[in-house]
Structure formats: structure tokens, C-alpha cells
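The values are calculated or read from the model by the stated rules, or taken from the named source; none is laboratory data. Note that the coordinates shown come from a computational prediction; the quantities given were computed from them, not determined experimentally. Reconstructed Cβ throughout: ideal geometry from the backbone, glycine too, with neighbour counts over all protein chains shown. Ligands, DNA and RNA are stripped out before the accessible areas are found, and what is left, the full protein with its side chains, is counted by its heavy atoms. Shrake-Rupley method; radii C 1.70, N 1.55, O 1.52, S 1.80 Å.
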Amino acid sequence: MAHLGSGRRRLAVPVGLALTASLALLPAVAASAAPLGNTADTAKVSKPDASGPKLSYVANLTAYGTVKQAKKAIERAGGTVVTSYEEIGVVVAHSQNPEFAKQLRAQRSLFVSVGATRTAPLSPVQTTEEGTTQKLSAADAAKAAAQATEGEEPLEPNQWDLRAIKADQAHKINDGSRNVTVGVIDTGVDDTHPDLAPNFSASQSANCVGGVADTTEGAWRPYADGSDHGTHVAGTIAAARNGIGISGVAPGVKVAAIKVSEPATSLFYTEAVVCGFMFAAEKGIEVTNNSYFVDPWNYTCKNDDDQKALVEALGRATKYAERKGVLSVASAGNSNHDLASNAIEDTTSPNDTTPVPRTIDPKVCLDLPTQLPGVVTVSATGDQGFKSYYSSYGLGVVDVAAPGGDKYQVPGTPDANGRVLSTVPGGGYGYKQGTSMAGPHVAGVAALLKSAHPYATPSQLQAMLKAQATKAACPDKIYDGTGALIDATTCNSKWGQTGYYGYGVVDALKAVK
């Protein structure tokens, strides 16, 4: 996992009504809180300190605060407003005042929480190559094409993952509707790829890096020499059945790109991700795929002043998107962690400066956006149906499972490659494995469901995904990180679910029937 819509018009809602509705469930403000304008409450600062590093912050308003008041308070504390979302009461700001968040938090009648979205200062835009992908060789491409049967895409014989969820059978009935769009909130998508161009929706795509949506032509594409992650995800969802390359799970739906990853690092910061969900909601996107966790914290803790503000802002954004008809799908992570356990050792946070090892409670410190309410959490499987060796899991946390690839579970395909084959920038194809690859299989099935049931709500779609999933019991054995078969002692089951697979492996064929 990288931390790595039809475009129909929506009825406008008056800002005041939208804000009232969205904040109705926010924590109540204490009756003893001082009224706005009180000297102690506003924490006036005549000359804000500007000696610290320039950081980005999210400020979450109470039900009694307004964006106009927040902007004034932010400026008094030495901050600059980047953008604001009146619909959910969230403001994004920059400041070099080391006491910025503390001074705003003191204004309890205005702010529920305020926190820095990163631990490293904002830096100039730069690019660099990130990681490598196992590219499809010409020999393997030719071998697959030679075995392709009538009606198959040339590389489809290598797509064991489609057959694992019966997507190949589903395509004989319905490829999905052009009235449905899946938004890929990720590192950007190469919309010029011949397998993606026929289904790409430029009008629903943007670059949200920094927290403000940039919809200029091509802004949604990966950075030069940047990550191929988003392009790979997009291909799994909606690569066209056009006689070229591969097929997506839902090759008849549209796909949009919402780029939220930083240049150079490919880190996913809160302000960009909030922008991504809000953009998807306003552009009529029906499903979003989220194959990442929100940086810099592998697990973001609600008992920390800074981190709880990030949880609040993201929770408001995903809930708003859900109310606007968006189903969000997210990957469970690649740490092989039990997200339902009492304690997890987090040794990688924060990942934008120096990590400090810590023991966290996953009920308090959340994998975002995976563990937010209403989000479909996905674990990964391999060709043999086992949980992938790297996939995180958790009874009552994982909703469904899908193919994410596993190099130790080798399929009987022409390439004998257990990873997932999909599109990469520049018109090519490559293999990846991870829960990042499992998520888009579920997003694709959700798009097929939405195509068959256009009036279904996000919660109804999620219920159908679970009800139609192929039940999978806890296995006796699984592969570990070395490729050895070990006892599957970490799998628990209850209430018709398992910790490894949730309600089961998604089924594309049932989705179209």
C-alpha cells in the first residue's frame, strides 16, 4: 500500500444549511465556554512568533464557530488560510508560529481541535524516482497473447485475479455503466495510457496536493519520474476491453484521478486527502479507492492534540462524501498487523522526520482512512486464496477481501507470477502486490453494483458487497514473509466473519446478476 460520478449536477445547498447539517453531530461545546470576543478566549497575539518551521495545519470548528471567525483567529495567530470547507467546518492553514495550534486550541468556543498535518516543514516542489515495479517482459506478453481465447484481452490469461472474483464471467453479462465513476485518490493517473484513455473522466479529475483542487489539464497525472501506483490501481478498476493489454474489473465504468501525494516523497498529507474526498463528493463520483494511509502517522492517535485534529478533519470529510453518495474503499495495510488487537508496535511514525517507536492501541490510534466509519476495509489474498503474507487483518475491522497478489502463491498462468498485472505510465504494464492492489478490485465490484443498482446508497452498496462475498473460513496454513507455510494461528472467526477475510472475498458475478 502506498503511504504509500457520473458527472451529474448536484442540487446546491445553502452554505448555512449545509454547515448546520454537517456539524449537528459534533461534540457539544461546554456551557461554561467563554463567548467569542472574550479576551482570554480569543488569545490575542499582537506580534505572532514566526521563528518556527512553516507547517500545515487543519482547524476543526465547533457548531458555534464560523469560517469567517476562524480566518480572523488564524491571522491573529500568525497563520495564512489556504482553503476552507464550510460544509464540514474545516480550515487548512500554514504558519511558522511554534505556538499556533496551542493558541487556537485555547479558543474552545470556536475550535474543536487544531493540529499540524506533518512534522517536517513545507518544502519546495521537487521530483525523484520512487521505487521500482516488475515490468511485463515482451516474452511474457507474447506468451499470454498466444493463449488468449476469443473475447479475452491479449494479457488476460495472466490476470488470475479477475478469475478469482469471477470478473471474467461478469463481463459476459455487464461491464458496468458509463454513469458510474470511480475516483482514484492516489499518486496520479496517466490518462494517456491506451487502456485507460477510453474510460477516463477529465472533468472529474484534479490535483489536490496542498489542499486546493487544481483542475488544469493534466494536473492529475503522476509527477515526472514519479510513482506509477495510481496508474496501476486505475487499470485494475477500469482498464477498457478494447483489444489492448488487460481488462479492469469494471471495464465499462469511468475512472477519475484525484492526485493527493506530495512530489519527491509520495507522502499523503491530511489537507490533500480532505480535499480529495470533498472534490469527489462535489463532482458526483460514486466510489473512491484509497490505497494508502494518511502520513506522517502509520496510526493516527485520538489522544494526541495534533493527531486528533487529523482524525476529526478526515472523519468529517469522509462522512460528508458518504452523505453525497460516495462509497469509500480503503486498503487494510501491508504490515501484517492485527487491527483488532490490544496493542501494535509502530516503529515507522512519523515517517517525514525521525520515527519514534511506540506501542499503540488500534482502537485509539487509527489507520486512516481505513478505520473511519463507513469506509470499506479490504485485506489481500493470493492465487491460492490464502491471506497474503503481508496483509494486515482484524476481526470486525476487515470488511471484505480481494486479490492483492502474493509472490509465494504462484498461479498456473503463462507468466507464473503471483503479483497483480496492471497498467503503468507510458503505455506499459507491470506487476505489483499489496493491499493497494486488493482495494481496487473491491472498488471495481462496487462500481458494478452501482451500475446494477443506480439508486443504492453507499451503506446499501456496502451491505451488498458483504452479503454477496464468497465466505472463506480461517485457513490451517498461510505463508510467512520468507515463503514458509506456517500455522494460521492469528486468524479468528465470529459472527460469520473472519479476521483474515471479513465477510469473504468479493464476487463480481453476483454483482451484475
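Listed here are the residues, each with its yes/no results for (1) under 25 Å from residue 280 (Cβ atoms); (2) assigned to a helix (DSSP H, G or I); (3) out of contact with any Lys or Arg (no Cβ under 6 Å at 6 or more places or on another chain); (4) of a type in the set (Val, Ile, Thr).
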{"site": "438", "(1), (2), (3), (4)": "yes, yes, yes, no"}
{"site": "445", "(1), (2), (3), (4)": "yes, yes, yes, yes"}
{"site": "462", "(1), (2), (3), (4)": "yes, yes, yes, no"}
{"site": "466", "(1), (2), (3), (4)": "yes, yes, yes, no"}
{"site": "475", "(1), (2), (3), (4)": "no, no, yes, no"}
{"site": "483", "(1), (2), (3), (4)": "no, no, yes, no"}
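When the residues of the range 251-309 are narrowed to those that are of a type in the set (Lys, Arg) and touching a Ser or Thr at 6+ places or on another chain (Cβ under 6 Å), which ends up farthest from residue 198 (Cα to Cα)? Applying the filter and picking the extreme gives 308.
Of the residues making up the range 230-273, those that are of a type in the set (Ser, Thr, Tyr) and at pLDDT 95 or above are 231, 236, 247, 261, 269, 270. On the stretch given as the range 349-378, residues that are surrounded by 16 or more Cβ atoms within 10 Å (Cβ to Cβ) and of a type in the set (Ser, Thr, Tyr) total 3. Selection of the range 240-270 for residues being of a type in the set (D, E, K, R) and in contact with a Phe, Trp or Tyr (Cβ under 8 Å, 6 or more places away or on another chain) yields 254, 259, 262.
Quick check: anything in the range 453-463 closer than 17 Å to residue 393 by Cα, at pLDDT 95 or above and of a type in the set (Phe, Trp, Tyr)? Taking every residue of the range 453-463 in turn, none turns out to be closer than 17 Å to residue 393 by Cα, at pLDDT 95 or above and of a type in the set (Phe, Trp, Tyr).
Residues in the range 387-401 that are surrounded by 23 or more Cβ atoms within 10 Å (Cβ to Cβ) and either over 20 Å from the mean Cα position of the chain (by Cα) or within 18 Å of residue 117 (Cα to Cα) (or both): 387 alone.
Of the residues making up the range 230-275, those that are in a helix (DSSP H, G or I) and either touching a helix residue (DSSP H, G or I) at 6+ places or on another chain (Cβ under 7 Å) or hydrophobic (A, V, I, L, M, F, W, C) (or both) are 233, 234, 236, 237, 238, 270, 272, 273, 274, 275. Restricted to the range 13-105, the set of helices (runs of 4 or more DSSP H) holding at least 1 residues that are surrounded by 14 or more Cβ atoms within 10 Å (Cβ to Cβ), modelled with pLDDT of 50 or more and over 32 Å from the mean Cα position of the chain (by Cα) comprises 67-76. Checking residue 374 against (1) on the phi < 0 side of the Ramachandran plot; (2) assigned to a loop (DSSP other than H, G, I, E, B), which single condition isn't satisfied? With (1) on the phi < 0 side of the Ramachandran plot; (2) assigned to a loop (DSSP other than H, G, I, E, B) applied to residue 374, the lone miss is (1). The single condition among (1) of a type in the set (Gly, Ala, Ser); (2) open to solvent by 10 Å² or more (accessible area, probe 1.4 Å); (3) in a helix (DSSP H, G or I) that residue 317 does not satisfy is (2).
The residues listed here are 299, 292; of these, the one that is within 13 Å of the chain's Cα centre (by Cα) and of a type outside the set (D, E, K, R) is 292. Of all residues in the range 471-506 being of a type outside the set (Gly, Ala, Ser) and under 21 Å from the mean Cα position of the chain (by Cα), which is most open to solvent (accessible area, probe 1.4 Å)? Checking each candidate, the answer is 503.
Any residue at all in the range 454-468 that's among the hydrophobic types (A, V, I, L, M, F, W, C), open to solvent by less than 20 Å² (accessible area, probe 1.4 Å) and in contact with a Ser or Thr (Cβ under 9 Å, 6 or more places away or on another chain)? Looking for residues that are among the hydrophobic types (A, V, I, L, M, F, W, C), open to solvent by less than 20 Å² (accessible area, probe 1.4 Å) and in contact with a Ser or Thr (Cβ under 9 Å, 6 or more places away or on another chain), one finds none in the range 454-468, hence no. Here 164, 213, 234 are screened, and the one residue that is open to solvent by 30 Å² or more (accessible area, probe 1.4 Å) and closer than 26 Å to residue 317 by Cβ is 213.
Pairing each residue of the range 332-344 that is farther than 15 Å from residue 370 by Cα with any residue that is of a type in the set (Gly, Ala, Ser), provided the two are 6+ apart or on different chains, yields C-beta distances under 8 Å for 341/394.
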